[in-house]
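None of the figures in this text is laboratory data; all of them are computed from the coordinates on show. Remember, predicted model here, so these are calculated numbers, not experimental data. Note that we place each Cβ from the backbone using ideal geometry, even for glycine, and neighbour counts take in every protein chain shown.
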Amino acid sequence: MTRSLFDETPTPYLAPERIAPGAVLLRGFALDLAGALLQAAEQVIAAAPLRHLVTPGGRSMSVGMTNCGALGWVSDRSGYRYSASDPQSGQPWPPMPDCFREVALRAAAQAGFERFNPDACLVNGYAPGARLSLHQDKDECDLTAPIVSVSLGLPAIFLFGTTTRSEPAARYRLLHGDVAVWGGPSRLAYHGVAPLADGDHVRLGRRRINLTFRRAR
Ligand code: MD3
Ligand code: FE
């Protein structure tokens, strides 16, 4: 696969882009920390490997998932929930790396959420073809806290709808180093990720990693 210079050129951090009430896109915000974030993500994945969770409906998700921090999001035949331990190992999730917490707090503050205190970080690993169908994030107790997401590696088309499933979703192409903050009236918006296009990222190869920081408890 040919590497496109244009696709791989990261976006320098400019100004916050407000995409909906409570939703802010910070393009290139994590670029200066990307090396540290990737190294820390690889350590998390080594301790708690990415796995394809099964939905309550019995389907295996195409995105590989793991967690770090006090709580981790899991799914199985009995439902979705946050768990203090990795069901695969019985051990606590790896601690949230300092550089993870730092980027999440800085991004939340930039978007106007000054007291974000995430206790969960979901790490999503995408290979070409992996996708996330439209859904709401509503397994968290405190819906006044925002969610911060950090994109690393291959570009993804992010689908961002409204709080009504049937309304059409806007599309945003998220690149390596882009950060988004979703809170307030956008906290329960439907969203998803289109099937990942193949490519070859200079740092991550044929992969995308997304970090989502949440206040779960
Ligand atoms: C918009 N992950 O893990 S994060 C997820 O790229 C998830 O892996 C996507 O959706 C990914 O649940 C996108 C962006 C995101 C997260 C939470 C949101 C967007 C959101 C909550 C409300 C609205
Ligand atoms: Fe989500």
Task: Sorted by Cβ neighbour density within 10 Å, fewest at the top, the residues Val181, Val63 - done: Val63, Val181
- [ ] Taking the Cα centre of the chain as origin, work out the dipole magnitude from +1 charges on Lys and Arg Cβ and -1 charges on Asp and Glu Cβ, in debye rounded to 20.
- [x] 400
Task: Cut-off 14 Å between beta-carbons: net charge of the residues surrounding Asp86, Lys and Arg +1, Asp and Glu -1 - done: +1
Open item on the list: Test of understanding: what is the full-extension gain from Tyr80 to Ala127, defined as 0.36 nm times their sequence separation minus their Cα-Cα distance?
Closed with: 14.6 nm
- [ ] Calculate, for Asp32 and Leu134, the FRET efficiency according to 1/(1 + (r/R0)^6) with r their C-beta to C-beta distance and R0 35 Å; round to the nearest 0.05.
- [x] 0.60
Open item on the list: If you scale each eigenvalue of the Cα gyration tensor by 5 and take the root, what three semi-axes come out for the chain, rounded to whole angstrom and sorted largest first?
Closed with: 23, 21, 19
TODO: Set Lys and Arg Cβ to +1 and Asp and Glu Cβ to -1, take the dipole of the chain about its Cα centre, and tell me which of Gly35, Ser133, Ile147 lies farthest positive.
DONE: Ser133
